[in-house]
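Inspection log for the structure reproduced underneath, given as structure tokens.
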Amino acid sequence: MQTTDQGLRIAGTEDSLKAGERGPTLLEDFHLREKIMRFDHERIPERVVHARGAGAHGHFQVYESLAGLTSAAFLQDPKATTPVFVRFSTVVGSRGSADTARDVRGFAAKFYTSEGNFDLVGNNMPVFFIQDGIKFPDLVHALKPDPRKEIPQAASAHDSFWDFVSLMPETAHMVMWVMSDRALPRSYRMMEGFGVHTFRLVNAAGETHLVKFHWKPKLGAHALVWDEAQLIAGRDPDFHRRDLWDAIAAGAFPEYELGIQVVPETDALRYGFDLLDPTKLLPEEVVPVRLVGKLTLTRNPSNYFSEVEQVAFCVANLVPGIDVTDDPLMQARLFSYLDTQLTRLGGPNFAELPINRPIVPVHNHQQDGFGRHAIPTSEANYHPNSIAGGMPKAATGPGAFAHVRERIDGQKLRKRSGSFADHFSQATLFVNSLSGPEREHLIDALRFELGKVERPEIRSRVIDEILAPVSLEVAREVASAIGVPPPGGRFHVSAHPPGQPTTSPALSLAITVPGGIATRKVAILASPGSSGRDIAALRKALVAGGAVVEVIAGTLGPIDDEDGKAVAVDKSFLTAASVMYDAVAVPSGEVGLGALYADPQARRFVLEAYRHGKAIALAGGARRFTAVWGAGEESGAAGDPAAEPGVVFGALGKEFTAAFVTAIGMHRHWGR
Ligand code: HDE
């Protein structure tokens, strides 16, 4: 039954209380006033960064006890499960911006442990733009839209960002990541996560190790292609949010393994860079990632606002056994998150909101403030006290958080450590580790972004000051497309740290062995007269591998196949587009094929799939669709669909479907 906020049952909410049927509304109408008041205040300030996000509930389980490394209770018992809430996000765009913008993705996890909440507030890239948090407002101002006109939305392709980059060489490494395919994840379920900073693990004996945290998605890490990402932004701006929701709703629970790279405290400077410098990564080939547990996302939020919007992460939410380091970026974050929640969530009591509440009781003398939920009953709201028997008393011994004891000896100064000085060698390492197509995508991205920069002097400065020191070839290739001279002889060349690798294969997303096709979306294009047998056989093989299959036709409603049998249609060409799928198949059936091929929307569907490197299956006479990308027009191998990776054609049988499944398992065929 409907009630007011006071619990009063209301007889109707269709009409306001009026003086006469056609008369004015009365101020007395407390129900109307309450309803409108609540509506007027529905919006809260969006996050200043990471405003656009999607979340899910799940749980974490450690594979074996990590007691030797950390006393954290949730990392001790392989049988115990810890509830977790995760929020994925883009960084730059507003809350309503498109999911597929070129951007860093947030990967924030809140572990509700038996010792209080532990938040791992990470990103999908292992490094960051800046070395010291004091530069964060400058970075974000430069990234966000022009303050005069609020343009462009959710994009780094504008003058101010590249102006900042060109003057801040420490951004070079992260800029390479953001220009790479990593900034265009296929799905939140298919991206890696990183704690970025070096943390500390502390065991029960008080021994500490330095640690880097990783998340490795079980489905592998995969990317979209830029043209596809831009088209999706129009066709389905909720692409990533929908993908996460649909997968969980269908029971295809996303899984990520937690990985750690552990090094002795004394090795902070051993790897040719400073582990306190957040613009550096520890190559996996140097210190392997040990997989220690698994996060499984099992439940969609019940209410977006209450959970995804109101969740408040904080880098300072630590548990005994995990501690921070003196990374100057991390140190600033320790302050920032609490501070921003005060404005965003309207007061200091946000930790009492259901999504933020720890699963353990909270006892302290915090008091009052906007939106207080708890009702403390003690007269003693201070410590020490005698009237409440000194309660709550300070915790001691195991389970009480104790900051790592560290000797600090230095002058008070505003100065960057000399050990943070190399800004380029790891940017070069990253670029050198990319596969050929990934490198091409990176160059294209730089050409696009810098091509949108209006001031030629900024374009030139990026070429000379940032790209040339990273890779002379990349700088030259970009310069040639953006109307500025190639790098002069003035650029700085960074010395590669001796003994450190010059490539790290783990940094590439290229896949050489086909993976599974679970949760991959495949479109089957059909028309009245298409082969129902082909559709059924394709569906069977694809569903057996866990793929999601949708039949797309000119109109909704069942269509008759070539034998007159009804085939259900999931979407029409009006509501579905190639960019929403990982692969496309066209069944045989001459009548159907004639109609399909005559439909420009069907031809465009196949052409886009081709251009975006997707697996394409053309059964029987559907081979004619190879003409949409010009095959057959030229002589030689280039015009032969057989020479095109990821295109399967021939009569539909076991071999055909197996080849299609393998092609989808390669994710994309960049080599076309
Ligand atoms: Fe954040 N960041 N950040 N950040 N960050 C926020 O907190 C900040 C940084 C990250 O889904 C804000 O609640 C500063 C690095 C994620 O709710 C704010 C600095 C990394 C999220 C803030 C950084 C992150 C945030 C905005 C430099 C990767 C979204 C709203 C010192 C390791 C969490 C909020 C969510 C959100 C500040 C740098 C990750 C303003 C000052 C590095 C995933 O507090």
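The values are calculated or read from the model by the stated rules, or taken from the named source; none is laboratory data. Everything numeric in this text was worked out from a predicted model, so none of it was measured. Note: ideal-geometry Cβ built from the backbone for every residue, glycine included; neighbour counts use all protein chains shown.
Things to note:
- Scope the stretch 309-365; condition within 22 Å of the chain's Cα centre (by Cα) and under 16 Å from Phe85 (Cα atoms); matching residues: Glu309, Gln310, Val311, Ala312, Phe313, Cys314, Val315, Asn317, Ile355, Asn356
- Selected residue [within 16 Å of the ligand (Cβ to nearest atom) and part of a loop (DSSP other than H, G, I, E, B)] from Gly251, Gly347: Gly347
- Pairs with Cβ under 9 Å, 6+ apart, first in the stretch 323-342 and among the aromatic types (Phe, Trp, Tyr), second surrounded by fewer than 16 Cβ atoms within 10 Å (Cβ to Cβ): Phe335/Ala316; Tyr337/Ala316
- Candidate set: the stretch 76-98, residues that are in a strand (DSSP E or B) and within 16 Å of the ligand (Cβ to nearest atom); chosen: the one farthest from the chain's Cα centre (by Cα): Val84
- Hey, Gly436 under 22 Å from Asp159 (Cβ atoms) and at pLDDT 95 or above or not: no
Here is a yes/no grid of residues against (1) part of a loop (DSSP other than H, G, I, E, B); (2) surrounded by fewer than 22 Cβ atoms within 10 Å (Cβ to Cβ):
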site: Arg447; (1), (2): no, yes
site: Glu465; (1), (2): no, yes
site: Ala481; (1), (2): yes, yes
site: Thr503; (1), (2): yes, yes
site: Leu509; (1), (2): yes, no
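- Positions within the stretch 286-329 being among the aliphatic types (A, V, I, L, M), part of a helix (DSSP H, G or I) and more than 19 Å from Arg200 (Cβ to Cβ), in sequence order: Val308
- Tally, over the stretch 228-244, of residues that are of a type in the set (Lys, Arg) and either touching a Leu at 6+ places or on another chain (Cβ under 8 Å) or closer than 14 Å to Arg95 by Cα (or both): 1
- Selected residue (criterion: farthest from the ligand (Cβ to nearest atom)) from residues of the stretch 33-75 that are outside any loop (DSSP other than H, G, I, E, B), among the hydrophobic types (A, V, I, L, M, F, W, C) and in contact (Cβ under 8 Å) with a residue 40 or more places away in the chain: Ala73
- Considered as a group, the residues in the stretch 154-183 that are part of a loop (DSSP other than H, G, I, E, B), among the aliphatic types (A, V, I, L, M) and buried (at least 22 other Cβ atoms within 10 Å of the Cβ) include one that is farthest from the ligand (Cβ to nearest atom), and that residue is Met179.
- Any hit, the stretch 330-342, residues being assigned to a loop (DSSP other than H, G, I, E, B) and within 26 Å of Asn303 (Cα to Cα): no
- Selected residue (only one of Val308, Val315 is closer than 30 Å to Arg414 by Cα and within 11 Å of the ligand (Cβ to nearest atom)): Val315
- Filter result for the condition that a residue is at pLDDT below 95 and more than 17 Å from Ser306 (Cα to Cα), over Gly23, Gly12, Gly7: Gly12
- The stretch 580-630, subset assigned to a helix (DSSP H, G or I) and of a type in the set (S, T, N, Q), residue surrounded by the most Cβ atoms within 10 Å (Cβ to Cβ): Thr626
- From the options Gly259, Gly234, residue that is outside any helix (DSSP H, G or I) and either closer than 28 Å to Ala475 by Cα or at pLDDT 95 or above (or both): Gly259
- Within the stretch 184-219, considering residues that are under 15 Å from Leu66 (Cα atoms) and of a type in the set (S, T, N, Q), the one surrounded by the fewest Cβ atoms within 10 Å (Cβ to Cβ): Asn203
- Those residues of the stretch 305-333 which are within 21 Å of Pro45 (Cα to Cα) and either touching a Pro at 6+ places or on another chain (Cβ under 8 Å) or surrounded by 15 or more Cβ atoms within 10 Å (Cβ to Cβ) (or both), in sequence order: Ser306, Glu307, Val308, Glu309, Gln310, Val311, Ala312, Phe313, Cys314, Val315, Arg333
- Candidate set: the stretch 100-123, residues that are more than 9 Å from the ligand (Cβ to nearest atom) and in a loop (DSSP other than H, G, I, E, B); chosen: the one farthest from Pro185 (Cα to Cα): Glu115
- Hits in the stretch 651-669 (condition: farther than 19 Å from Gly532 by Cβ and touching a Lys or Arg at 6+ places or on another chain (Cβ under 9 Å)): Ala663, Ile664, Gly665, His667, Arg668, His669
- Residues that are crowded, with 17+ Cβ neighbours inside 10 Å and more than 16 Å from the ligand (Cβ to nearest atom) do not occur anywhere in the stretch 369-379.
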